[in-house]
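Presented below is the structure to which this report refers.
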Amino acid sequence: MRIHIIGINYWPEMTGIAVFSTGRAEHLAAAGHQVTMCAAVPYYPQWRVPEGYRGLKFRREERAGVTILRCPLYVPAAVNPIRRVLHEASFIVSSFVRSLFCRRPDLLFVVSPPLGLAVAAVILSRLWRVPYVFHVADLQPDTALDLGMVKPGRFARLLYAVERLAYRHAAIVSTLTEPMRARIVAKGIAPEKVLLFADWSDPRLFALDAGQAGAIRRELGLGDAFLVLHAGNMGVKQGLDVVLDAAQQTRSNPRIVYLLVGDGAMRPHLEARARDLGLDNVRIVPLLEHERFLQLLAAADVTLVTQQATVADVVFPSKVLTLLSAGKPVIASVTGGSAVANVVAGAGAGMIVTPEDGGALASAIEALRADPARRAAMSAAGRAFASEHWERTRTLGYLSDTLARLVHTSPAGTVASTPAGSRSHG
């Protein structure tokens, strides 16, 4: 079948949604489907477009059997709510225009955010007379209000109206975890219409061990320090000031080193604050190429997942899959009862501490540093959980089987609920 996918993030971006949009598209192409991916030029998480992709023009690429249609967009130098709206709107318009010139597919698959792609999905679905799947990786209106990025009022009501439009007309609304699914169903969407298309683990993570850590430790001058690692996006939702607060409280112990790896809108703030506080035990480095990142994961003694207190079940960071699969003990500075907290605690893979509480985070780090046996037990439990719930072949096989069944029903039809073995547990 011919599948047309629209999603803002794609290869060669190495974090977040891009990794899984790329994996889904390439899996479907390998299964024999004709896959077209309508994506933005790469820009995330640095919020900078690489030299080879600059310029307001459309481009066509081929990779791993997927036809990639690159669409120009506005990328602000500094992100704020208004500029983010303009950024997303520019991609919504350019991807819609580019899609109009594509051959009619059998299925349209749209990845949100940005939420506004719902408008393009509804119009294209009607023009082509094909069903569309609306895949929700982030409940964007809920997130924006929870974080104070959008205030209650007309614009918030507009976001929720667009969300209702997306869900009402989609043949399938898919998302990542059971709590996110429950939120969507609670908005009045038929339960049988809301499915789980979970993310998955990179198979190489299960083979990582401390023996692969020597080179990266020497390169970064870490020696035998107890390494506390945050890797991934450095945005507002992550609330990474709590890591600097913890570092300030443990600065008397030079053997504890905090390493923040990645990029994002909050990175300049974090770098400036670490300098102002004189935190010699904190290092902030940009994204690493994948092989070096795997070595760094092997080197970590404890890893972090942090979220602002207002973030609960509206997002599920993919780093949770990565860290558990790599056998890394996790300290989750997140709201109790959230999807992240439930997974980490339920798997026995780490500790949950109060979000935005540097003292609680520092105490947890000290406790795990003093207890190697407990860290080893968390490592084994996390890997076992990841193997059971996020195995790549099973997860992507369920996706492709479900899409095939959808195409063979009427365009307005829905597909039966998720088999137990394919659920993402939250």
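Assorted remarks:
- Pairs beyond 32 Å (Cα-Cα), from 57/193; 193/237; 57/187; 57/328: 57/193; 57/187; 57/328
- Enclosing the Cα atoms of the range 203-389 in their convex hull gives a volume equal to 106 cubic angstrom per residue.
- Mean Cβ count within 10 Å, highest first, over the residues of peptides 110-121, 247-258: 110-121, 247-258
- Average Cα contact separation per residue, the range 203-389, under 8 Å, 6 or more apart, as relative contact order %: 25
- Computed from the C-beta positions of residue 2 and residue 119 and an R0 of 22 Å, the FRET efficiency is 0.50 to the nearest 0.05.
- Choice from 240, 406, 158 showing the highest fluctuation, given a GNM over the chain with Cα pairs closer than 10 Å: 158
- A simple spin-label model places the labels of residue 100 and residue 371 6.1 nm from each other, with each point 7 Å out along Cα-to-Cβ.
- In Hz, Karplus ³J(HN,Hα) per residue of the range 347-362 (6.51, -1.76, 1.60; θ = phi - 60°; x = Gly, Pro): 7, x, 9, x, 10, 10, 10, 4, x, 6, 10, x, x, 5, 5, 4
- Derived scalar couplings between HN and Hα for the range 123-134 equal 5, 5, 4, 6, 5, 8, 6, 10, x, 10, 9, 10 Hz in order, rounded to whole Hz, by the Karplus curve 6.51 cos²θ - 1.76 cosθ + 1.60 (θ = phi - 60°), x for Gly and Pro.
- Evaluated over the Cα positions of the chain, the convex hull gives a direction-averaged projected area, one quarter of its surface, of 19.3 nm².
A short reminder: the numbers here are calculations on the coordinates, not readings from a lab. Not measured: the values here are computed from a predicted model. Here Cβ is always computed from backbone atoms with ideal geometry, including for glycine, and neighbour counts include all displayed protein chains.
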